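Everything on this sheet refers to the single structure shown next.
The values are calculated or read from the model by the stated rules, or taken from the named source; none is laboratory data. Everything quoted here is computed from the prediction, not taken from an experiment. When we count neighbours, we look across all protein chains shown, and the Cβ atoms used for this are built from the backbone with ideal geometry, even at glycine.
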Amino acid sequence: MENQINYIPDAENINLPYSVEAEQSVLGAVLIDPNCINEIAPLLKIEYFYLPQHREIYKTLSSMLELGDRAIDFVSLLEQLKSNGVYDEAGGKAYLTQLAKTVPTSANVTTYVDIIREKFYARSLLLAAEKIIKDVNENLVDTSRLLENAEQTIYDIRQGREIGGLKRLKEIIEEETYDRLTKLTDPETREDYIGIPTGISALDKVTTGLNKSDLIILGARPGMGKTSLALNIARNVAVNSKKTVCFFSLEMSRDQLAQRMLSNEASIESEKLRTGELSADEWTRLAAAGKNLSDVELYFDETPGITVPEMKAKLRRMRKVDLVIIDYLGLMGSAKKTENRVQEVSDITRNLKGMAKQLNVPVIACAQLSRGTEAKGKSHKPALSDLRESGSIEQDADLVLFIYRENYYDAEKTGEDQVTDPNKAEIIVAKNRHGSTDTVELYWDGKFTRFASQDVFR
């Protein structure tokens with residue numbers, strides 16, 4: 001077998017990379033020029049140091065900087081290290097003196113910091129490889145989970161390398177804001193910077209489309225049309241905007257979703273697709289719809305109880321992703337053990353927002369509303385407080401949309417109150433981090449399970 005790994009090194013005998021000189025030089029630079037700690041603090045974490053005593057010294061320096069209750073110098077640092085039990089008088093004085101003599105100037109301190117960081121990431125990779133080897137040898141986890149864990153570990157190491165500091169407003173405007181506005185006005189680059197249209201013009205006017213790195217919550221009661229609207233948006237983005245859409249369905253099968261999309265596209269009642277009782281004309285329309293949809297970059301996944309790390313692992317294997325849709329949040333699993341479901345959902349939504357930022361794509365997550373909307377008397381319109389299981393859903397979301405159809409509640413009405421327009425629907429924009437909240441009136445075509453702006457049917 002070609003490319004077979006014939007030798008696996010003994011992880012315990014691997015020499016982990018580090019630089020004593022670089023670590024001593026950084027600490028020595030702070031001792032001779034305490035002000036330079038303000039420069040390196042955003043770039044250097046305590047765990048980047050390899051030697052325990054260097055971690056303790058830098059930890060002490062960082063706490064002194066954070067508290068700001070005393071100046072950082074040789075004497076104050078020595079006293080604090082003695083107080084913390086790190087050194088005694090003689091040992092501490094001798095080692096701090098050695099550190100101060102390590103470098104003649106603090107001018108190159110950021111170069112030493114870069115060396116420490118690079119060694120830390122090299123160690124992280126070696127330790128990650130050691131854990132992967134251990135997991136494989138112990139054979140306690142299935143291969144697919146091992147692959148996902150390995151990908152996530154490496155991805156986390158890569159993400160940790162990206163360190164940003166404070167930046168002056170003038171520089172942000174000149175280097176980022178103006179640059180983005182220039183590209184927004186250029187027809188050749190505009191599409192890469194503007195929000196992706198949902199294909200529902202009335203909704204896009206309020207939300208300015210689906211913006212990159214946004215977590216969008218689509219909430220409604222069961223049967224109100226969450227999956228239908230999510231599929232409508234997926235179809236419009238894939239077909240009209242020629243974008244790549246990944247749809248994670250935790251409730252319906254891929255075949256069921258495909259049937260819904262064909263029903264919508266061909267304007268054939270979904271019941272007929274389940275029974276196969278189609279006329280010749282309907283078969284023709286179905287074939288045309290299938291051909292139209294077969295050319296788009298729309299992908300479905302039906303893994304039950306999928307976690308955010310598993311989702312990210314699958315998305316990273318894609319060549320390109322423009323939109324992620326999840327149906328629905330309540331059926332997702334948490335990657336770590338928590339005490340209760342509220343904490344689980346908090347962990348999930350926080351990680352979904354992180355995923356949206358890391359992949360730089362909008363993420364739409366459908367969510368179930370509580371039964372509170374059922375007991376509101378005459379008005380059943382949902383509010384943010386009706387999101388089930390966790391307030392973190394509202395907190396982490398950039399955009400919260402609620403579907404409301406008055407006709408849904410007709411069964412409990414009597415007399416004249418029962419006569420409502422079955423095609424009337426509303427999207428309540430309950431939270432909009434980038435603009436105003438509003439209510440958008442839509443047309444609901446229950447026969448083909450689709451939403452559209454009302455002007456389309458006027």
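Does segment 57-71 include one or more residues that are of a type in the set (S, T, N, Q), surrounded by fewer than 18 Cβ atoms within 10 Å (Cβ to Cβ), in a helix (DSSP H, G or I) and touching a Ser or Thr at 6+ places or on another chain (Cβ under 9 Å)?
Keep residues of segment 57-71 that are of a type in the set (S, T, N, Q), which gives 60, 62-63.
Those left that are additionally surrounded by fewer than 18 Cβ atoms within 10 Å (Cβ to Cβ): 62-63.
Cutting the leftovers down to in a helix (DSSP H, G or I) gives us 62-63.
When the remaining residues are screened for being touching a Ser or Thr at 6+ places or on another chain (Cβ under 9 Å), the result is none.
No, because not a single residue in segment 57-71 is of a type in the set (S, T, N, Q), surrounded by fewer than 18 Cβ atoms within 10 Å (Cβ to Cβ), in a helix (DSSP H, G or I) and touching a Ser or Thr at 6+ places or on another chain (Cβ under 9 Å).
Where the second residue is polar (S, T, N, Q) and the first is under 11 Å from Y50 (Cβ atoms) and lies in segment 104-124, which pairs have Cβ atoms under 9 Å and are six or more apart or on separate chains?
Note: pairs meeting the criteria are I116/S19; K119/S19.
Conditions: (1) without any contact (Cβ under 8 Å) to a residue 12 or more places away in the chain; (2) in contact with a helix residue (DSSP H, G or I) (Cβ under 7 Å, 6 or more places away or on another chain); (3) in a helix (DSSP H, G or I). A287 meets all but one. Number of the miss?
Unmet for A287, out of (1) without any contact (Cβ under 8 Å) to a residue 12 or more places away in the chain; (2) in contact with a helix residue (DSSP H, G or I) (Cβ under 7 Å, 6 or more places away or on another chain); (3) in a helix (DSSP H, G or I): (2).
Does segment 242-264 contain any residue that is on the phi > 0 side of the Ramachandran plot and touching a helix residue (DSSP H, G or I) at 6+ places or on another chain (Cβ under 7 Å)? Walk me through it before giving the result.
In the first step, residues of segment 242-264 are kept if they are on the phi > 0 side of the Ramachandran plot; the result is 242.
If we keep only those that are touching a helix residue (DSSP H, G or I) at 6+ places or on another chain (Cβ under 7 Å) as well, we get none.
No, the conditions are met nowhere in segment 242-264.
More than 28 Å from I428 (Cβ to Cβ), at pLDDT 90 or above and out of contact with any strand residue (DSSP E or B) (no Cβ under 7 Å at 6 or more places or on another chain): which single residue out of T303, T275, T244, T284 fits that description?
T244
Any idea which residue in segment 147-187 is modelled with the lowest pLDDT, counting only those that are acidic (D, E) and assigned to a helix (DSSP H, G or I)?
Filtering segment 147-187 down to residues acidic (D, E) leaves 148, 151, 156, 162, 171, 174-176, 179, 186.
Now narrow it down to the ones that are assigned to a helix (DSSP H, G or I): 148, 151, 156, 171, 174-176, 179.
On the way: E148: 71, E151: 75, D156: 74, E171: 82, E174: 82, E175: 81, E176: 81, D179: 85.
The residue in question is E148.
Please find, among T105, T111, the residue that is within 30 Å of F74 (Cβ to Cβ) and not in a helix (DSSP H, G or I).
Step by step, each of T105, T111 is checked, and only T105 is within 30 Å of F74 (Cβ to Cβ) and not in a helix (DSSP H, G or I).
Mind checking which residues of segment 424-455 are in a loop (DSSP other than H, G, I, E, B) and crowded, with 17+ Cβ neighbours inside 10 Å?
Taking segment 424-455 and keeping what is in a loop (DSSP other than H, G, I, E, B), we get 433-437, 446-449.
Selection gives T449 alone.
List every residue pair whose Cβ atoms lie under 6 Å apart, where the two residues are 6 or more positions apart in sequence or sit on different chains, the first residue falls within segment 22-33 and is hydroxyl-bearing (S, T, Y), and the second residue, located anywhere, is in a helix (DSSP H, G or I) and buried (at least 23 other Cβ atoms within 10 Å of the Cβ).
That search, which allows pairs on different chains as well, returns S25/Y112.
Sort out which residues of segment 132-146 are exposed (fewer than 14 other Cβ atoms within 10 Å of the Cβ) and assigned to a helix (DSSP H, G or I), and write them in order of number.
If we filter segment 132-146 for residues that are exposed (fewer than 14 other Cβ atoms within 10 Å of the Cβ), which is where we start, we get 134, 137-144.
Selection gives K134, N137, E138, T143, S144.
Can Y95 be described as closer than 25 Å to P17 by Cα, in the same structural domain as L51 (by TED's automatic domain parsing) and either surrounded by 11 or more Cβ atoms within 10 Å (Cβ to Cβ) or at pLDDT 85 or above (or both)?
Values: closer than 25 Å to P17 by Cα: yes; in the same structural domain as L51 (by TED's automatic domain parsing): yes; either surrounded by 11 or more Cβ atoms within 10 Å (Cβ to Cβ) or at pLDDT 85 or above (or both): yes.
Spelling it out, Y95 is indeed closer than 25 Å to P17 by Cα, in the same structural domain as L51 (by TED's automatic domain parsing) and either surrounded by 11 or more Cβ atoms within 10 Å (Cβ to Cβ) or at pLDDT 85 or above (or both).
Please state which one of D295, D281, D327 is acidic (D, E) and either crowded, with 18+ Cβ neighbours inside 10 Å or outside the structural domain of F247 (by TED's automatic domain parsing) (or both).
On the way: D295 fails: either crowded, with 18+ Cβ neighbours inside 10 Å or outside the structural domain of F247 (by TED's automatic domain parsing) (or both); D281 fails: either crowded, with 18+ Cβ neighbours inside 10 Å or outside the structural domain of F247 (by TED's automatic domain parsing) (or both).
Among D295, D281, D327, only D327 is acidic (D, E) and either crowded, with 18+ Cβ neighbours inside 10 Å or outside the structural domain of F247 (by TED's automatic domain parsing) (or both).
Restricting attention to segment 60-91, and to residues there that are over 16 Å from V30 (Cα atoms) and touching a helix residue (DSSP H, G or I) at 6+ places or on another chain (Cβ under 7 Å), which single residue is modelled with the highest pLDDT?
Top of the filtered list is K82.
Could you give me the residue pairs with C-beta distances under 6 Å whose first residue belongs to segment 294-317 and is in contact (Cβ under 8 Å) with a residue 12 or more places away in the chain, whose second residue is of a type in the set (K, R) and outside any loop (DSSP other than H, G, I, E, B) wherever it lies, and which are 6+ apart or on separate chains?
From residues that are in contact (Cβ under 8 Å) with a residue 12 or more places away in the chain, the pairs are F300/R254; E302/R254.
Taking R190 as the residue in question, decide whether it is surrounded by fewer than 13 Cβ atoms within 10 Å (Cβ to Cβ), over 30 Å from E39 (Cα atoms) and either of a type in the set (K, R) or at pLDDT below 85 (or both).
Spelling it out, R190 is indeed surrounded by fewer than 13 Cβ atoms within 10 Å (Cβ to Cβ), over 30 Å from E39 (Cα atoms) and either of a type in the set (K, R) or at pLDDT below 85 (or both).
Can you find even one residue in segment 24-41 that is farther than 14 Å from K119 by Cβ, in a loop (DSSP other than H, G, I, E, B) and within 35 Å of the chain's Cα centre (by Cα)? Quick ask: steps written out before the conclusion?
Start the filter on segment 24-41 by keeping residues that are farther than 14 Å from K119 by Cβ, which leaves 27-41.
Add one more test, that the residue is in a loop (DSSP other than H, G, I, E, B), and what stays is 33, 41.
Filter once more, so that each one left must be within 35 Å of the chain's Cα centre (by Cα): 41.
Checked against the condition, which is being farther than 14 Å from K119 by Cβ, in a loop (DSSP other than H, G, I, E, B) and within 35 Å of the chain's Cα centre (by Cα), segment 24-41 yields at least one hit.
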